[in-house]
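Note sheet for the following structure.
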Amino acid sequence: MSKSLLTVPMLLSLLAATALAAEPKLTRYSFTEPHMGTTFKIIVYAPDEAAADKASKAAFARVAELDGIMSDYKPASELMQLCGKAGGDPVKVSDDLWTVLERAQEVAKRSDGAFDVTVGPIVRLWRRARGTRQLPDADDLAKAKALVGHDKVKLDPKAHTVQLTKEGMRLDLGGIAKGYAADQALLVLKKHGLARALVAAGGDIAVGDAPADADAWTVGIAPVEDPLSKPKKYLLLTNAAVSTSGDAERYVEIDGKRYSHIVDPKTGLGLVGRMTVTVVAPNGLWSDPLTKVVAVLGPEKGFPIIEQTRGVSGYVVRKTDKGEETSASKHFPEVRQRDEK
Ligand code: ADP
Ligand code: MG
């Protein structure tokens, strides 16, 4: 090997050593807690266990706080209180609920309601269908659909009030709240001085600075058929978020047809195609709702819509008769990635 070839990596490792010198030796710690109907996982690099423990406790507490605001299972949540006033006057909401609803409306407008948090009444019928394995009744679906539509939500950006214009409306933040919660948990860790961190809220992952011993976080995209088998593609990310939506975990099979927990607000039906959608974005408040845009509209229509936001791209794996078929949005190749052979 020639001398000049040797010097380049040596120089690089020297540079890396000087950059790290300012930082104390960091150890990797990980924690999990159940929140928002899923498992939240935190990975942090911290100088000692006490620091990691303290910061992650605070981050989980923040997630619990957000769940208390946005849950549609807890009758006392701020969200359910707001839904209780549907058909009435505008209601002043907390900063967190405002932030999420403002983004939800933005994504709903851009996608012409493919993502729409007013789907609550429809989602409720499909949740029941998962229990009974019977398709929702056509009349019930028609009634539910009449309560759906982002045009029935009025936001006042000055007063931070929200008005739900029809009685019986029910908001469902299941497609956006976890992305926001992952962002917020990451922020808490950063405020505690732990910027080298990852927060996974089920399929919604937000990452900060790189791990102490790598230059990026490696996140695998699970295969559509067998999500527990080895990923075929890995993304290498820092200060970004990635969300995956698919039918792998939550679906109902009725008469041999598999319906996803993601519904098309226009038809009121659970999606039937077998696919997983992955969206990379600057944060989870973008990546989480945008997976539903691509799931409902399909990659051809969905990709151009999600890429209206800078730093966003998407990747879809579909199951067809011929096996797995993948498609990537225009900017997806700009995301650092590694394919497994
Ligand atoms: P998770 O992160 O829990 O895997 P997703 O991010 O895939 O879930 O979002 C699915 C959830 O979003 C559903 O369980 C439901 O609560 C809600 N949802 C379903 N369809 C839509 C839609 N078209 N627009 C907005 N929210 C939806
Ligand atoms: Mg999600």
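For segment 73-164, what does the relative contact order come out to in percent, with C-alpha contacts under 8 Å and a separation of six or more? Please list the in-between numbers first.
Values: 84 pairs, mean separation 34.3, N = 92.
Computed over segment 73-164, the figure is 37 percent.
The distance between label points at ARG124 and THR326 comes to 4.1 nm (points 7 Å beyond Cα on the Cα→Cβ vector).
Solvent-accessible area per residue for segment 73-164 at a 1.4 Å probe radius, Å²? All intermediate terms of the calculation are to be shown ahead of the outcome.
Values: 4690 Å² over 92 residues.
I get 51 Å² per residue for segment 73-164.
Here the accessible area is traced with a 1.4 Å probe on the protein chains. For the chain, carbon and sulfur cover 54 percent of it. The distance between label points at LYS191 and GLU253 comes to 4.6 nm (points 7 Å beyond Cα on the Cα→Cβ vector).
Between ARG133 and SER229, what FRET efficiency comes out of the Förster formula 1/(1 + (r/R0)^6) with R0 = 30 Å and r the beta carbon distance, rounded to 0.05?
Numbers: r = 27 Å, r/R0 = 0.90.
Efficiency, from the Cβ-Cβ distance: 0.65.
Counted as membrane-span-like here are DSSP H helices of the chain whose alpha-carbon atoms extend 24 Å or more along the helix's own axis and whose Kyte-Doolittle mean is 1.6 or above; these are 3-21. Diagonalising the gyration tensor over the Cα atoms of segment 67-133 and scaling each eigenvalue by 5 before taking the square root yields semi-axes of 21, 18, 11 Å, largest first. A straight Cα-to-Cα reach below 14 Å connects LYS230 with the aspartates and glutamates ASP339, GLU340, residues fewer than 8 places away in its own chain not being considered.
Please report the orientation-averaged projected area of the chain, defined via the convex hull of its C-alpha atoms, in nm².
Average of the hull's projected areas for the chain equals 20.5 nm².
So, R0 is 30 Å and r is the distance between the beta-carbons of LEU269 and ASN239; what FRET efficiency does that work out to, to 0.05?
After rounding, the FRET efficiency stands at 0.20.
Find the percent of Cα-Cα distances in segment 52-189 that exceed 28 Å, and round it to a whole number. Pairs farther apart than 28 Å: 21 percent.
Ranked by the mean number of other Cβ atoms within 10 Å per residue, highest first, peptides 103-109, 172-178 order as 172-178, 103-109. Calculated mean residue ellipticity, 222 nm, the chain: -12000 deg cm²/dmol, from DSSP H runs (n ≥ 4) at -39500 (n - 2.57) each, averaged per residue and rounded to 500. Net charge in the neighbourhood of THR218 (other residues with Cβ under 15 Å of its Cβ; Lys, Arg +1, Asp, Glu -1) is +3. Residue separation of ALA76 and LYS143 scaled by 0.36 nm, minus their Cα-Cα distance, works out to 21.6 nm of gained length.
Averaged over residues, the count of other Cβ atoms within 10 Å places the peptides 208-221, 327-340 in the sequence 208-221, 327-340, highest first.
Using the Cα gyration tensor of segment 216-341, with a ≥ b ≥ c the square roots of its eigenvalues, what is the shape: rounded (a/c below 1.5), prolate (a/b larger than b/c) or oblate (neither)? It is oblate, given that a/c is not under 1.5 and a/b is not larger than b/c.
Which pairs break 32 Å Cα to Cα here: LYS57/LYS85; LYS152/LYS191; LYS41/LYS85; LYS92/LYS143; LYS57/LYS92; LYS41/LYS143? Violating the 32 Å limit, Cα to Cα: LYS57/LYS85; LYS152/LYS191; LYS41/LYS85; LYS41/LYS143.
If you roll a 1.4 Å probe over the heavy atoms of the protein chains, what accessible area per residue do you get for segment 286-337, in Å²? Working shown, then result.
Values: 2630 Å² over 52 residues.
Each residue of segment 286-337 exposes 50 Å² on average to a 1.4 Å probe.
The values are calculated or read from the model by the stated rules, or taken from the named source; none is laboratory data. Owing to the predicted nature of the structure, the values given are computational and were not obtained by experimental measurement. Positions of Cβ are generated from backbone atoms using ideal geometry, with glycine treated the same way; all protein chains shown enter the neighbour counts. Just the protein is used for accessible areas: all its heavy atoms, side chains included, with ligands, DNA and RNA removed. Shrake-Rupley method; radii C 1.70, N 1.55, O 1.52, S 1.80 Å.
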